[in-house]
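Reading through the structure tokens given below for one structure.
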Number of protein chains: 2
Amino acid sequence: MVMPAPAAAGPGGAAPGSVGDVRRSNLALVLGAIAEFPPGIHPSRAQVAGATGLTKASVSSLVLDLLDAGVIREIGLNPQGRGRPGVGLELSPSRSVMGMEINVDYISAAVVGLSGTVLLRQVEERDNRNSMDKPVLAALAALAAEVRSAARDQGVEVLGGGLAVPGLVDPARARVLTAPNLGWVDVDLDLDALLPGTALGVALFNEANAAALAELRHRADRGSTFLFVSGEVGVGGGIVIGSELFTGPGGHAGEVGHIVVDPDGGHCSCGGTGCLETVAGQDAIFIAAGLAPDVGSRSATMSALLQALESRVPQAVTAVERAGYFLGMALASTARVVDIDSVVLGGHFAVLEPWLRAPLLESLHKYAPGKYASEQVTVSAVGEFGALLGAAGSVIRSLVEAPHRLQP
Amino acid sequence: MVMPAPAAAGPGGAAPGSVGDVRRSNLALVLGAIAEFPPGIHPSRAQVAGATGLTKASVSSLVLDLLDAGVIREIGLNPQGRGRPGVGLELSPSRSVMGMEINVDYISAAVVGLSGTVLLRQVEERDNRNSMDKPVLAALAALAAEVRSAARDQGVEVLGGGLAVPGLVDPARARVLTAPNLGWVDVDLDLDALLPGTALGVALFNEANAAALAELRHRADRGSTFLFVSGEVGVGGGIVIGSELFTGPGGHAGEVGHIVVDPDGGHCSCGGTGCLETVAGQDAIFIAAGLAPDVGSRSATMSALLQALESRVPQAVTAVERAGYFLGMALASTARVVDIDSVVLGGHFAVLEPWLRAPLLESLHKYAPGKYASEQVTVSAVGEFGALLGAAGSVIRSLVEAPHRLQP
DNA sequence: CTCATATAGTTCAGGCAATGAACTAATACT
DNA sequence: AGTATTAGTTCATTGCCTGAACTATATGAG
């Protein structure tokens with residue numbers, strides 16, 4: 001009897017592991033070292049050797065491959081005091097990645113150089129509320145093509161892209177499971193159509209996750225660990241552990257908006273009851289503050305809310321404080337489950353932070369004493385375009401971690 | 001000016017990546033393949049080659065190293081129908097790992113062969129409630145030495161061990177942060193004293209995490225993802241994602257016992273308010289059921305509770321149902337945050353499952369509709385000694401994943 | 001009983017990648 | 001101008017995997 005071999009290198013089974021893997025791994029190591037130097041500082045081969053632990057000889061050979069692939073370039077000379085000056089190395093600014101975003105009120109695209117500089121950005125207002133997916137994607141594809149050709153005119157090649165969408169996504173299958181504000185359910189996206197013929201293709205991200213990644217890039221320190229909570233129409237979240245996005249087994253962890261905070265509360269768009277979103281989402285706050293959300297655009301309503309807060313209108317203040325208190329409760333539970341005790345407030349939580357902070361800290365102290373120090377509650381440093389830039393940045397990072405994907 | 005190199009292979013920095021790494025990785029690959037064959041089935045070198053994708057030549061060479069290290073052995077012949085029969089390979093049963101546990105009422109130690117068979121097990125009753133750590137560890141060290149010499153008499157060598165403790169631990173620093181039922185706070189453990197002179201040393205585990213690992217070993221399928229909730233005096237939890245324990249950035253994720261489920265509820269031993277533990281911990285259930293927890297031992301009280309449930313005493317039934325309902329609420333939140341929708345009930349939750357199940361499912365359906373299918377709520381297959389065996393099993397697995405640690 | 005066939009496992013030349021030492025290149029200090 | 005110093009390259013060596021050839025050991029047919 002021939003025994004059936006248990007899953008020949010199948011799912012979960014490690015790869016064969018050959019000698020060529022070493023080169024791939026070291027290629028990434030070298031490129032990563034170059035990328036991690038502060039912007040404006042261009043390390044020499046010798047410095048890269050020092051940073052990676054590889055020998056100068058190995059680094060020279062690896063750098064040659066990276067130059068051939070066009071991922072990095074030599075730039076200027078680097079006087080080291082004595083001795084022969086090193087030639088500076090940097091990620092190639094003429095290679096780029098496109099960040100894209102579909103949101104309720106607009107679509108947008110940006111070209112980001114591998115070194116992180118934003119080369120082009122274009123936003124197109126568009127009402128995507130309850131819009132079908134096909135026309136939205138077609139419009140985005142047109143926008144992307146336009147921006148891409150503008151980049152090409154500058155001699156910049158787009159290697160791939162990342163798309164951020166406000167909803168639950170399955171990145172592996174290029175599928176949007178649900179995006180309540182777009183009215184999408186189980187939508188398969190033809191991502192390759194957005195950037196045809198690129199080496200890396202287009203990756204799909206949840207909006208809050210992408211914004212969390214943007215926040216991560218803004219923090220220079222390695223090994224960052226935090227929870228990014230994004231207050232939008234819904235309440236999204238992204239978990240970053242040790243500078244890695246934690247997406248969970250199914251790809252959509254971090255959905256703090258649907259933690260139960262009010263067991264006897266109202267129904268949620270997700271079908272649940274008493275979710276954080278029902279008390280701390282934009283519409284929930286607006287309604288509690290006595291502002292009808294359908295009067296004018298959302299940003300207008302938000303301005304009205306801010307004005308009411310400035311004027312200390314009791315109903316508005318109470319509404320926001322209530323949201324902060326419940327947010328704290330959700331964060332307390334999150335701290336226990338994923339062992340995180342640092343939070344970054346994004347979206348409307350960032351805007352409302354002055355009024356949110358006190359009740360939030362009070363609530364954290366009550367429900368998770370000793371977990372969140374006050375200085376661990378911070379406001380996002382990335383602005384409105386966080387998701388856009390985060391998506392692009394993440395694709396850049398995945399390229400840096402696997403540069404061999406560019407070499408045939 | 002010499003630029004300061006950014007962290008030469010420091011924390012977060014990848015290893016140099018040499019050619020020898022390939023061998024280490026493939027050593028683990030081969031050993032893992034041998035380990036993953038069902039117990040009783042001893043694969044030949046050729047079968048291992050098929051399973052791993054390596055060539056027969058490589059496997060032969062790697063197997064030789066593993067034989068030299070004593071991790072595996074050849075056993076019998078394996079007729080394949082036609083042709084020369086293969087020689088069977090298996091994890092060496094004469095090499096073992098010791099699982100150890102400190103709990104409220106006992107200490108225990110077990111010797112588990114690399115192939116997973118329990119060779120020896122010894123439990124020593126001991127009241128560790130509010131006991132100092134030093135005498136408890138001394139008693140455990142004596143027990144371990146005894147069991148270890150008994151193993152040696154059978155020709156079995158103990159390579160290392162794992163210790164499970166009912167409390168929050170920092171595995172990296174061999175530290176128990178808090179173990180309420182033992183009365184321990186910030187206790188540093190001298191783990192090496194438990195098994196002096198072993199190659200692998202002793203690893204530290206949270207009890208619920210260890211039990212989760214034991215549960216994992218019982219499930220043959222790869223890529224298991226579930227939340228193990230352990231009902232003991234406290235309520236612990238262990239998160240397994242893709243057959244890996246998820247411990248979080250600080251090493252103590254999965255503490256579902258302290259998710260907030262009753263915002264206006266009572267104080268918890270952790271200092272928080274309305275934690276799951278305050279309504280679903282053993283003592284909480286006992287009190288709610290009208291059974292004084294200090295009357296006799298806990299197991300006696302549990303028997304009384306079960307009898308009351310059998311007799312359908314309303315107060316007891318309500319108490320357990322309430323616990324189940326709140327447990328469901330905590331699981332609903334967990335599903336959102338870590339994207340898990342499969343739960344294994346352990347400890348008293350396993351015992352009480354017949355009465356818990358209905359309210360638990362009702363609660364899950366209300367707070368996280370569509371996340372947990374009914375068949376995803378299961379009862380633990382591992383018994384009382386889960387933590388003990390899980391700790392040992394995890395150490396065995398870490399050895400399988402890095403066998404080069406045995407070769408100087 | 002013998003030979004063809006099939007499978008297991010070993011041996012060996014070839015290739016790839018990192019290493020370390022020797023070497024060339026380019027700068028600053030004296 | 002000469003020396004010290006640092007950057008980067010060249011080359012022989014080593015280690016490991018691969019693939020092909022080879023040996024070893026079984027089954028089944030005539």
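Assign unit charges at the C-beta atoms only (+1 for Lys and Arg, -1 for Asp and Glu), then state the dipole size of the protein assembly as shown relative to its Cα centre in Debye, rounded to the nearest 20.
2280
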Q | Solvent-accessible ranking of B:Lys134, A:Lys366, largest area first, probe 1.4 Å | A | B:Lys134, A:Lys366
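Rounded to the nearest 500, what is the 222 nm mean residue ellipticity of chain A from helices alone, with -39500 (n - 2.57) per DSSP H run of 4+ residues and division by all residues?
Value at 222 nm, helices only: -12000 deg cm²/dmol.
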Q: Let me know the mean shielding of A:243-254 by other chains, meaning the per-residue number of their Cβ atoms within 10 Å of its Cβ.
A: 5
Q: Provide the per-residue ³J(HN,Hα) series for the range B:246-257, in order, calculated from phi with Karplus coefficients 6.51, -1.76, 1.60 and θ = phi - 60°, each as a whole number of Hz, with x at glycine and proline positions.
A: 9, 9, x, x, x, x, 9, 6, x, 6, 5, x
Q.
For A:Glu36, place a label point 7 Å from Cα along the Cα-to-Cβ direction in every copy; what are the distances to the other copies, in nm, shortest first?
A. 3.0
**Q.** Cα point-scatterer Debye curve for the range B:20-91, base-10 log of I(q)/I(0) at q = 0.12, 0.20, 0.23, 0.27 Å⁻¹
**A.** -0.28, -0.77, -1.02, -1.38
Q: With a Förster radius of 45 Å, plug the Cβ-Cβ distance of A:Ala381 and B:Glu125 into 1/(1 + (r/R0)^6) and report the FRET value to the nearest 0.05.
A: 0.20
Q. Per-residue mean of other chain beta-carbon atoms within 10 angstrom of the beta-carbon, peptide B:75-83?
A. 1
Q: Can you tell me the equivalent ellipsoid semi-axes for chain B? Use √(5λ) from the Cα gyration tensor, largest first, whole Å.
A: 40, 24, 23
**Q.** Under-5 Å amide H pairs with B:Gly248, H placed in peptide plane, nonlocal only
**A.** B:Ala253
Q: Summarise the partner chain shielding of A:262-271 as one whole number: the mean count of Cβ atoms from other chains within 10 Å of each residue's Cβ.
A: 3
Q: Would you work out if the range B:130-171 is rounded, prolate or oblate? Take a ≥ b ≥ c from the square roots of the eigenvalues of the alpha-carbon gyration tensor; rounded if a/c is under 1.5, else prolate when a/b is larger than b/c, oblate otherwise.
A: oblate
Q. With θ set to phi - 60° and the Karplus curve 6.51 cos²θ - 1.76 cosθ + 1.60, what are the ³J(HN,Hα) couplings of the range B:315-321 in order, to the nearest whole Hz, using x for Gly and Pro?
A. 4, 5, 4, 4, 4, 6, 4
Q.
Please report the antiparallel percentage of the DSSP beta bridges confined to the protein assembly as shown, to the nearest 5.
A. 65
Q. Using a ≥ b ≥ c from the Cα gyration tensor of the protein assembly as shown (square roots of the eigenvalues), is it rounded, prolate or oblate, where a/c under 1.5 gives rounded and otherwise the larger of a/b and b/c decides, a/b for prolate?
A. oblate
Q) Under a plain spin-label model, where a point goes 7 Å from the Cα along Cα-to-Cβ, how far apart in nm are B:Val317 and B:Ala172? A) 5.1
Q | Farthest toward positive dipole pole in the range B:341-390 [+1 Lys/Arg, -1 Asp/Glu at C-beta], among B:Val343, B:Gly370, B:Leu360 | A | B:Gly370
Q: Calculate the length of the line joining the C-alpha centroid of the range B:357-396 to that of the range A:332-351, in whole Å.
A: 26
(Q) Please compute the per residue accessible area over the protein assembly as shown with all protein chains in place, 1.4 Å probe, rounded to a whole number of Å². (A) 41
Q: Read phi for every residue in the range A:157-169 and hand back ³J(HN,Hα) as whole Hz from Karplus 6.51 cos²θ - 1.76 cosθ + 1.60, θ = phi - 60°, with x for Gly and Pro.
A: 9, 9, 8, x, x, x, 10, 9, 10, x, x, 6, 10
Q: Please list, in chain and number order, the residues 5+ apart from A:Gly162 or on another chain whose amide H is under 5 Å from its amide H, with Hs placed from the backbone.
A: A:Met98, A:Gly99, A:Met100, A:Ala203
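Leaving out ligands, DNA and RNA, what percent of the accessible area of the protein assembly as shown is carbon and sulfur, probe 1.4 Å?
Carbon and sulfur: 54 percent of the exposed surface of the protein assembly as shown.
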Q. Under a Cβ-Cβ cut-off of 15 Å, what is the net charge of the residues other than A:Ala220 that fall near it, where Lys and Arg count +1 and Asp and Glu count -1?
A. +1
(Q) Given the options B:Val320, B:Ser297, B:Val118, identify the residue whose Cα lies farthest towards the positive end of the charge dipole of chain B (+1 on Cβ of Lys, Arg; -1 on Cβ of Asp, Glu). (A) B:Val118
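With a ≥ b ≥ c the root eigenvalues of the C-alpha gyration tensor of the range B:313-397, is it rounded (a/c under 1.5), prolate (a/b larger than b/c) or oblate?
On the way: a/c = 2.65, a/b = 1.33, b/c = 2.00.
Oblate shape, in that a/c is at least 1.5 and b/c is the bigger or equal ratio.
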Q.
Quick check for me: using +1 on Lys/Arg Cβ and -1 on Asp/Glu Cβ, what's the dipole size of chain B about its Cα centre, in debye to the nearest 20?
A. 1340
Q.
How big is the dipole moment of the range A:77-192 about its Cα centre under a simple scheme where the beta carbon of each Lys and Arg is +1, that of each Asp and Glu is -1, and everything else is neutral? Debye, nearest 20, please.
A. 640
Q: Go through A:Pro38, A:Gly393, B:Ser243 and say which Cα lies farthest out towards the positive end of the charge dipole of the protein assembly as shown; charges sit on Cβ, +1 for Lys and Arg, -1 for Asp and Glu.
A: A:Pro38
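The values are calculated or read from the model by the stated rules, or taken from the named source; none is laboratory data. The shown structure was predicted, so the numbers you read here are calculated from the model rather than taken from an experiment. Note: ideal-geometry Cβ built from the backbone for every residue, glycine included; neighbour counts use all protein chains shown. For accessibility, only protein heavy atoms count, side chains too; no ligands or nucleic acids. Shrake-Rupley method; radii C 1.70, N 1.55, O 1.52, S 1.80 Å.
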